Amino acid sequence: MNTRFIESIKTLKKWISKNEVIVKNKRWINGKEIVEIENIKFITQTLSSEEIEVIKAFTNHLLPNTYYHFLTEIGSGQCFVGEYFSSFELYNFAELKENNQLFQQEIKDYEKPVNEQFMIIGIHCSMGDWMGFCTSKTDEKNFDVYCHEYPIDEYIEISNELNSWRSFEEWIIRVVETKGKETL
């Protein structure tokens, strides 16, 4: 885990402890700069060390240590909740199990074979997109937000084409640096 990731987790913990991060949105109207201030909230729950171990076992320890570290330090729940939106939600064990069963059923019911293996860890709330890891991909950059409009059998091809693969660590750093604005 690199220093920027550790610092991002510390910053996120500070925001969660205050249950807010203040985001200043600047725009220009008729030559005047207008600054709008928005308070972003968090709806998170800490996870016990037992639940973390159950999650590790459920995921066959296939996910990066940065993900397990995030769960240990931050927990699960919704992050960057604004007045009209919620950015993303990471699952606790019960939600992880339920949503991965749903995802596997979608793959089973899909008209074409899907050979890749996925572990869905959350949902991007803006469009209802799955977030997770392609566990059959050996590169550390195996995390993505999978657009609900794309066919499941094309997730890998589209992520490759869009060059949207990243590590979970990179994703968290970017999310914190942009105060939740860049989460896709």
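A few remarks follow.
- Selection status of Leu47, assigned to a loop (DSSP other than H, G, I, E, B), among the hydrophobic types (A, V, I, L, M, F, W, C) and either within 20 Å of Met131 (Cβ to Cβ) or open to solvent by 50 Å² or more (accessible area, probe 1.4 Å) (or both): yes
- Members of segment 104-142 that are farther than 27 Å from Gly75 by Cα, assigned to a loop (DSSP other than H, G, I, E, B) and open to solvent by 40 Å² or more (accessible area, probe 1.4 Å): Tyr110, Glu111, Lys112, Pro113, Asn115, Glu116
- Near pairs, Cβ below 7 angstrom, 6+ apart or cross-chain, from segment 135-151 (over 14 Å from Gln117 (Cα atoms)) to any residue that is at pLDDT 90 or above and crowded, with 21+ Cβ neighbours inside 10 Å: Val145/Met131
- Residue within segment 88-103 that is in a loop (DSSP other than H, G, I, E, B) and either open to solvent by less than 80 Å² (accessible area, probe 1.4 Å) or aromatic (Phe, Trp, Tyr) (or both) present: yes
- Residue that is nearest to Leu184 (Cα to Cα) [pool: residues in segment 109-148 that are over 9 Å from the mean Cα position of the chain (by Cα) and of a type in the set (A, V, I, L, M)]: Met127
- When residues of segment 153-173 are limited to those that are over 13 Å from Tyr67 (Cβ atoms) and in contact with a strand residue (DSSP E or B) (Cβ under 8 Å, 6 or more places away or on another chain), the one modelled with the lowest pLDDT: Ile156
- Every condition in (1) closer than 20 Å to Glu182 by Cβ; (2) modelled with pLDDT of 95 or more is met by Lys56 except one, and the failing one is (1).
The values are calculated or read from the model by the stated rules, or taken from the named source; none is laboratory data. Everything numeric in this text was worked out from a predicted model, so none of it was measured. Quick reminder, even Gly has a Cβ in these numbers, built from the backbone with ideal geometry, and neighbours come from all protein chains shown. For accessibility, only protein heavy atoms count, side chains too; no ligands or nucleic acids. Shrake-Rupley method; radii C 1.70, N 1.55, O 1.52, S 1.80 Å.
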